[in-house]
Amino acid sequence: MSRRWSEEESPPPVDLRLVPPAIAVWVGCLIGLTSIQSAWWMAAIAPAIATLGTIAHLTRSNPAMPNRTPAHLAMRNRTRVHLTVSRLAVSHVTLPRVSSTVRAANAGREAEPKERITSSWVFGAAAAVACLGAGLTVSALETSQRANDPLTTASESRSWSNLIVSVTGFPTQVDSGFAAPDNGGRSGQSVARWRVTVGVADAQVAGEQWTSQTSATVFGQGSQWATVTPGELLRVSGRLGVDTIGSAPGPTIAARSPPEIIAPAPWWFGEAHSIRNALSATAARLDGDAAGLLPGLVVGDTSGISDQLNADAKATGIAHLLAVSGSHFAVLCGITIVVLRRIGPRFAAAGGAATLVGLVVLVGPQPSVLRAAVMGGIALLALLTGRTRSCVPALAAATIVLLFVDPGLAVSAGFTLSVLATAGLILLAPAWSTALQQRGVPRGWADLLVVPIAAQVVTMPIIVAISGSISVVGVLANLLVAPVVAPALVIGVLGALTGPWWPDAAGLFAHAGAPFLDWIAGVAHTLARWPAATLPWPATSVGVLALVGLAVAMLYLLRHKRFRALLATALVAAATVLVPYQIVAPGWPAAGWLLTACEVGQGDAMVLSTGEPGAAVVVDTGPDPGLVDGCLDRLGVATIPLLVLTHLHADHVDGLPGVLEGRSVGAIVVGPGREPDREWANVTRSAASRGIPVVEPQIGTRWVTAELTLTILGPDRSFHGTDSDPNNDSVVMMAEHSGERILMTGDIEPEAQQALLNAGADLAADILKVPHHGSAKILDRFVDAVSPAVAVIGVGADNDYGQPSPRLLDALARHGVATVLRTDQQGDVEVGLVDGQLTGVERGAALRTKQSNTRPTGRR
């Protein structure tokens with residue numbers, strides 16, 4: 001007779017006892033970091049609530065438990081004997097009646113588990129409340145210490161400082177994609193600028209000196225900053241500032257001199273630095289994306305990764321592979337353990353631990369690396385042992401410890417993603433892997449398939465909250481790159497270790513791993529350009545909760561065979577219809593396009609082709625997020641290596657959310673103007689929430705991506721006392737593509753136009769983006785200096801400004817401009833290059849209402 005179920009076949013329940021305390025600590029840290037006054041009040045009340053709740057439960061439960069008397073205990077022992085005899089008897093004869101003693105014993109035994117469950121819930125809730133109080137206290141102390149540190153005040157006032165700091169991470173080269181001008185004002189070689197994380201030990205500002213325990217970031221220029229090593233004690237002088245990009249603001253130091261070493265670093269960090277330098281030299285022998293991806297994958301040095309690859313990796317959900325993450329620790333430590341397991345389990349465990357420590361030293365002991373090491377170790381434990389029951393408490397305990405050590409992790413998106421991804425690997429991946437193995441899939445392939453899917457599912461809500469978009473191709477991209485990550489990582493580590501003493505062997509390893517690296521980059525570039533590679537999703541609490549509910553419902557429904565078959569049929573049908581349409585349907589943009597002016601009403605939103613499908617540079621965003629978003633969708637733009645905001649008037653920047661939504665942006669360039677204040681605050685807040693750097697370029701700076709080159713021509717200073725200082729502060733740049741020159745002018749007026757002429761800038765261009773929507777404020781000599789063949793005007797239909805001005809149109813005609821394209825009459829317009837000739841293409845005006853009758857807020 002077959003058994004339907006046995007206790008041995010039932011999986012043990014997941015141990016969730018530490019999960020509520022971990023959540024409570026996290027919530028407490030969040031409150032303490034955001035509202036210190038509320039944190040102190042709640043921290044004072046929480047222990048009292050926990051204590052009173054426990055006492056009340058014990059007081060209420062004791063009178064109702066007479067069965068705990070010695071007499072009852074004796075009776076319970078006797079009934080156990082009766083139960084044992086009865087069970088033995090049942091196997092031979094059927095007893096017609098159970099004695100009243102046995103029934104009473106059974107009733108007592110059923111009541112006891114309920115009492116124990118109630119007590120467990122009460123004590124668990126009390127422990128969670130106590131942990132909430134602990135989290136509140138720790139984070140409030142951290143916030144108070146940071147607020148009361150004089151260095152915080154000095155940073156806000158941008159004071160000059162002399163600091164003694166301890167280096168906590170390897171230097172990272174800061175590369176915005178711009179090249180500094182040479183003495184003649186032309187684009188020259190890039191000036192190496194380095195970012196170093198430090199811990200401040202001693203500070204001196206305005207004659208006052210004090211000790212400090214604040215973490216800070218040093219920015220220094222020059223090759224000497226490239227040699228600083230974790231563990232070194234440095235003396236640094238420079239201007240203080242506030243880091244507004246990170247989740248928790250902290251001080252920055254713009255160093256004005258090379259670092260002065262007070263105490264050297266430990267030898268092991270010195271050896272790690274030698275390995276990193278050798279790896280950089282080895283990577284320089286490779287071509288294309290592999291040259292930057294190799295140091296990023298092995299030691300977390302992302303300075304060589306192009307903005308294009310970075311943006312495409314974000315769009316396809318594989319950005320975690322561009323730098324060291326928890327998965328890297330899990331892969332390398334797992335391989336070490338598997339290889340050494342034949343020698344013995346203790347030797348394998350020691351080898352895994354040594355690999356973990358060695359990676360931390362090689363990558364750098366900064367908090368993000370330590371966090372990745374902890375999470376990677378827990379994920380590895382889950383995958384190797386399959387013991388979900390013991391791994392969940394380990395994850396919860398690690399979360400509690402990390403939050404106590406650094407409460408600022410509570411607001412770190414990276415920490416949240418690490419915890420959720422590890423939880424997915426613990427709770428979902430083993431069960432899904434087992435299900436695939438039961439259907440005949442080998443264990444290795446089963447793990448390979450389920451790991452990226454589990455991580456993608458559980459982290460999707462946080463990614464949506466950050467980016468406002470869902471990567472439709474994320475799971476597919478992770479599945480495609482998963483088979484090559486481990487060999488690329490192992491070969492890269494071997495090349496790094498051999499580099500300092502055998503460079504030729506390191507070069508062989510690098511070239512052997514290059515195909516794997518190129519495959520990762522190729523997947524990112526290809527899938528990022530698929531139609532609808534990312535879909536917009538509301539980055540609100542309601543939107544995130546809706547996505548969580550949808551994900552849970554899908555996971556539940558996918559357990560049913562009929563639903564899986566229905567879903568597979570729908571996907572095949574959609575692919576059958578949509579893929580041929582995307583291949584054969586004629587569309588926009590036209591072949592060979594160089595510049596597109598979007599129809600966004602009264603405003604500017606210009607798009608410059610980079611020559612790569614799906615990637616473009618955007619110049620200004622117009623006044624309406626929906627209109628510019630639609631224009632970019634029609635162009636198929638998913639990746640924006642550079643977003644230029646010429647100035648901060650609403651008709652140029654209010655469409656920013658529409659550009660950012662569902663797209664990857666490498667950097668935002670903003671001119672020197674900071675007015676209106678509200679618009680500047682919106683720009684910086686949007687950039688900071690997505691981790692996008694904001695750059696103010698200097699004249700002569702140059703940026704290159706694919707076939708497009710941009711050169712900054714102005715302004716060389718901020719204007720004061722003109723009719724419109726913000727307009728004259730517009731960024732002016734020359735774009736070059738396929739031998740054609742495009743002059744982008746923002747809203748410059750005669751003062752800025754004359755300044756460009758006085759500076760002797762080379763303004764000659766084939767295509768002119770007409771300044772200020774075709775305003776009459778244009779100099780004839782400026783148009784003559786440009787002498788364009790095509791003029792493009794971004795302007796709204798029936799606007800209240802009378803733009804484009806008849807005077808402007810007459811000036812263009814007098815100077816021989818053959819083609820004038822305008823968005824008010826022609827809708828989206830494009831300038832392209834076909835058979836060596838510039839051509840203008842219009843899509844047709846779509847806006848039928850007067851969208852420009854109201855003057856945009858902030859426009860002067």
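The values are calculated or read from the model by the stated rules, or taken from the named source; none is laboratory data. Since we're looking at a predicted model, the values are computed, not measured. Methodologically, a virtual Cβ is constructed for each residue, glycine included, from the backbone with ideal geometry; neighbour enumeration extends over all protein chains shown. The area values use the complete protein model at the heavy-atom level, side chains included, leaving out ligands, DNA and RNA. Shrake-Rupley method; radii C 1.70, N 1.55, O 1.52, S 1.80 Å.
How would you classify the range 608-675 from its alpha-carbon gyration tensor, with a ≥ b ≥ c the square roots of the eigenvalues: rounded for a/c under 1.5, else prolate if a/b is greater than b/c, otherwise oblate?
Details: a/c = 2.22, a/b = 1.40, b/c = 1.58.
In terms of gyration-tensor shape, oblate.
I'd like the carbon and sulfur percentage of the solvent accessible area for the range 275-337, probe radius 1.4 Å, heavy atoms only, ligands and nucleic acids excluded.
55
Between Ile45 and Val548, take the C-beta separation as r, use R0 = 30 Å, and let me know the FRET efficiency to the nearest 0.05.
My answer for the efficiency is 0.50.
At Ala845 and Ser274, where each label point lies 7 Å from the Cα along Cα→Cβ, what is the point-to-point distance in nanometres?
For the pair Ala845/Ser274, the computed spacing is 7.2 nm.
Hey, what's the range 191-276 come to in accessible area per residue, 1.4 Å probe, Å²?
Normalised by residue count, the accessible surface of the range 191-276 is 50 Å².
Leaving out ligands and nucleic acids, and using a 1.4 Å probe, what accessible area per residue does the range 674-748 come to in Å²? Could the numbers behind the result be given before it?
On the way: 2990 Å² over 75 residues.
Per-residue value: 40 Å².
How large is the convex hull of the Cα atoms of the range 445-492 per residue, expressed in Å³ as a whole number?
Cα convex hull per residue, to the nearest whole number: 83 Å³.
Can you tell me the convex hull volume per residue for the range 705-860, based on C-alpha atoms, in Å³ to the nearest whole number?
So the per-residue Cα hull volume is 126 Å³.
State the Cα centre-to-centre distance between the range 292-307 and the range 394-432 in whole Å.
25
Grab the Cα-Cα distance for Ala435 and Ala350, subtract it from 0.36 nm times how many residues apart they are, and report the gain in nm with one decimal.
27.4 nm
How would the range 616-758 be classified by its alpha-carbon gyration tensor: rounded, prolate or oblate, with rounded meaning a/c under 1.5 and the a/b versus b/c comparison settling the rest?
In terms of gyration-tensor shape, oblate.
7 Å from Cα along Cα→Cβ at both Arg285 and Ser157: what's the point-to-point distance in nm?
Distance between the two pseudo-spin positions: 5.5 nm.
Above 26 Å lies some portion of the pair distances; for the range 221-358, what is it as a whole percent of all C-alpha pairs?
Percentage above 26 Å: 45.
Positive end of the dipole of the range 221-282, charges at C-beta (+1 Lys, Arg; -1 Asp, Glu), about the Cα centre: which of Pro230, Gly241, Pro264 has its Cα farthest in that direction?
Gly241
Find the accessible area per residue for the range 382-524; the probe is 1.4 Å, ligands and nucleic acids are left out, and the unit is Å².
Normalised by residue count, the accessible surface of the range 382-524 is 41 Å².
How big is the gap, in Å, between the Cα center of the range 614-654 and the Cα center of the range 705-743?
16
Tell me the relative contact order for the range 597-699 as a rounded percent, counting alpha carbon contacts under 8 Å between residues six or more apart.
Relative contact order here is 23 percent.
For the range 583-704, what % of the accessible area comes from carbon and sulfur atoms, probe 1.4 Å?
Details: 1890 of 3530 Å².
After summing per-atom areas, the C and S share lands at 54 percent.
Could you tell me whether the range 280-373 comes out rounded, prolate or oblate from its Cα gyration tensor? Rule is a ≥ b ≥ c as square roots of the eigenvalues, rounded for a/c under 1.5, then prolate if a/b exceeds b/c, otherwise oblate. Please report the intermediate quantities before stating the final value.
Numbers: a/c = 2.25, a/b = 2.02, b/c = 1.12.
Note, shape of the range 280-373 comes out prolate.
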